[in-house]
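K.L.:
Before I ask anything, here is the structure I am working with.
The values are calculated or read from the model by the stated rules, or taken from the named source; none is laboratory data. Everything quoted here is computed from the prediction, not taken from an experiment. Reconstructed Cβ throughout: ideal geometry from the backbone, glycine too, with neighbour counts over all protein chains shown.
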């Protein structure tokens with residue numbers, strides 16, 4: 001599993017690096033540093049979670065997750081509920097959020113990935 005390190009540099013700025021399981025550094029803050037730890041953590045976690053990934057990567061990850069979970073009873077239950085809600089009301093944000101969260105937590109780009 002990759003490791004995300006947040007650390008304070010000798011110049012007092014905060015920095016981050018993402019290290020692969022084999023020990024190779026695969027992403028960093030690029031040397032810019034951050035004035036406070038909170039800002040550094042926010043951007044580091046967003047990047048590690050794939051928030052800034054190209055949409056084609058996100059779409060492919062979601063499609064793969066939907067295909068992989070097609071026979072999962074919880075996936076089917078949440079999808080059916082979300083589809084029914086979409087038919088009944090134009091504002092399905094809160095209801096569909098549960099289904100979206102389920103998908104995201106099962107998509108390697110965002111969550112725990114393959115279980």
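K.L.:
When region 50-65 is examined, which residues are found to be at pLDDT below 75, in a helix (DSSP H, G or I) and surrounded by 10 or more Cβ atoms within 10 Å (Cβ to Cβ)?
P.N.:
The answer is 57, 58, 59, 60, 61, 62, 63.
Matching residues to (1) modelled with pLDDT of 85 or more; (2) touching a helix residue (DSSP H, G or I) at 6+ places or on another chain (Cβ under 6 Å); (3) surrounded by 12 or more Cβ atoms within 10 Å (Cβ to Cβ); (4) not in a helix (DSSP H, G or I):
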| site | (1), (2), (3), (4) |
| --- | --- |
| 5 | yes, no, yes, yes |
| 11 | yes, no, no, yes |
| 16 | yes, yes, yes, yes |
| 40 | yes, no, yes, no |
| 44 | yes, no, yes, no |
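K.L.:
What pairs come out if I take residues in region 7-34 that are at positive phi and pair them with residues that are at pLDDT 90 or above and part of a strand (DSSP E or B) whose C-beta lies under 9 Å away, six or more apart or interchain?
P.N.:
Listed by first residue and then by second, the contacts come to 31/15; 33/14; 33/15.
K.L.:
Which pairs turn up if I take residues in region 37-51 that are more than 11 Å from residue 16 (Cα to Cα) and look for partners that are outside any helix (DSSP H, G or I) and modelled with pLDDT under 85 with beta carbon separation below 8 Å, at least 6 apart in sequence or on another chain?
P.N.:
46/52; 49/109; 49/110; 50/109; 50/110
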